[in-house]
Amino acid sequence: MGDDTTDFGRACTGSNTALPMKTNIVSRLPTHPFLKKSTIASRRLSPLHATATAVEESPVITKNKAVDALESAFKLDTQPTTVNGAVHSIETFSTNDGPGIRNIVFLQGCSKRCMYCSNPETQLCVNPDMHPELAMTDEEVADMVKKYDMFLRPNDGGLTMSGGEPLVQPEFVRAVFQRVKEIGLTTCLDTSGHGTPASWDRVLPVTDHVMLCLKAMDLNLATKISGASRDANVRARDFARYIRDNYDNIKISLRWVLLKGMTDTDEELMALAEFAKELGPAMTHVQILPYHELGREKYDFLGRTYALDGMEPYPYEDAVKVKETLEEYGVDAVLAKP
């Protein structure tokens with residue numbers, strides 16, 4: 001692969017432009033002022049920025065090569081005793097990311113650049129072998145989960161893998177999920193549907209729940225919101241259908257971020273309801289997530305433009321109406337806590 005700050009970085013941009021990263025940038029970056037220890041969780045924090053101001057010239061990579069690099073980045077020829085992954089942080093005692101009480105592992109790396117991303121510092125893909133400050137093994141994650149077993153076990157609680165995009169690291173997710181299921185806890189994948197059937201088949205056999213974040217039903221709008229190609233957004237829907245057709249034990253919920261005048265229109269909501277119905281018994285509900293500005297200050301700190309500058313947080317009373325509309329269309333909907 002070569003230097004991960006070039007290969008991994010460009011692979012996750014989803015464009016032909018390399019991320020501006022220097023080889024030794026990690027040792028020179030200050031600690032994020034916005035990454036304080038959570039008051040509600042124990043977090044493992046990283047000093048790694050998603051971007052940096054120093055630029056080192058390097059050849060660009062095409063979109064096709066980027067996808068290939070991204071999907072092969074964590075592929076292993078042989079299965080070692082443990083598998084390394086790039087972990088951004090860990091949160092405990094979540095009640096909004098799958099059934100029951102859950103621990104969440106936020107992985108480093110994402111193939112999309114969503115307009116409302118509240119964790120832009122997780123976007124850059126890095127090689128955990130070259131960044132030990134981010135590295136964790138599947139065994140270490142499982143040992144962490146075991147400490148909370150008595151709290152997680154009731155009501156089908158367990159571990160959720162999020163990000164970033166967890167399917168950027170399918171072998172690590174599979175290894176972690178295998179260990180968690182051996183403990184007797186449930187596994188949940190919080191994803192935007194990255195990957196291919198080959199990588200999906202590595203993870204889904206050890207997955208109990210999938211939370212799939214769709215950006216929009218209109219593909220032009222989805223492309224605008226996600227910063228990814230139309231094909232990538234089509235693939236997200238194919239991912240849900242693939243689960244429906246091949247893994248009848250997995251339950252799917254759809255996550256839907258409400259953006260005023262964009263994803264709350266009658267056309268978008270009707271198309272969302274039709275897609276949800278298409279998934280059949282695998283589908284449980286739509287989780288409605290009103291847009292908020294949390295994480296906006298990170299863009300200023302990283303020197304990046306915030307794409308939704310000027311957009312107000314989505315009014316809660318309007319989100320209640322969206323919930324009622326989806327229910328009128330025959331789809332169960334849950335409104336995230338404000």
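Among the residues of segment 127-138, just one is open to solvent by 10 Å² or more (accessible area, probe 1.4 Å) and in contact with a Phe, Trp or Tyr (Cβ under 7 Å, 6 or more places away or on another chain), namely Asn127.
Of the helices (runs of 4 or more DSSP H) contained entirely in segment 174-269, those carrying at least 1 residues that are open to solvent by 30 Å² or more (accessible area, probe 1.4 Å), of a type in the set (Gly, Ala, Ser) and more than 22 Å from Gly280 (Cβ to Cβ) fall at 197-203. Annotation note: of Lys277, Lys321, the sole residue that is assigned to a helix (DSSP H, G or I), under 20 Å from Asp218 (Cα atoms), open to solvent by 80 Å² or more (accessible area, probe 1.4 Å) and basic (Lys, Arg) is Lys277. I'd like to know if segment 158-173 contains one or more residues that are open to solvent by 20 Å² or more (accessible area, probe 1.4 Å) and assigned to a loop (DSSP other than H, G, I, E, B). Checked against the condition, which is being open to solvent by 20 Å² or more (accessible area, probe 1.4 Å) and assigned to a loop (DSSP other than H, G, I, E, B), segment 158-173 yields at least one hit. When the residues of segment 95-126 are filtered to those that are charged (D, E, K, R) and touching a strand residue (DSSP E or B) at 6+ places or on another chain (Cβ under 8 Å), the one that is most open to solvent (accessible area, probe 1.4 Å) is Asp97.
The values are calculated or read from the model by the stated rules, or taken from the named source; none is laboratory data. Computed from a predicted model, the values in this text were never measured in an experiment. As a convention, Cβ positions derive from the backbone with ideal geometry for all residues, glycine included, and neighbour counts pool all protein chains shown. Keep in mind that these areas ignore ligands, DNA and RNA; they rest on the heavy atoms of the full protein, side chains included. Shrake-Rupley method; radii C 1.70, N 1.55, O 1.52, S 1.80 Å.
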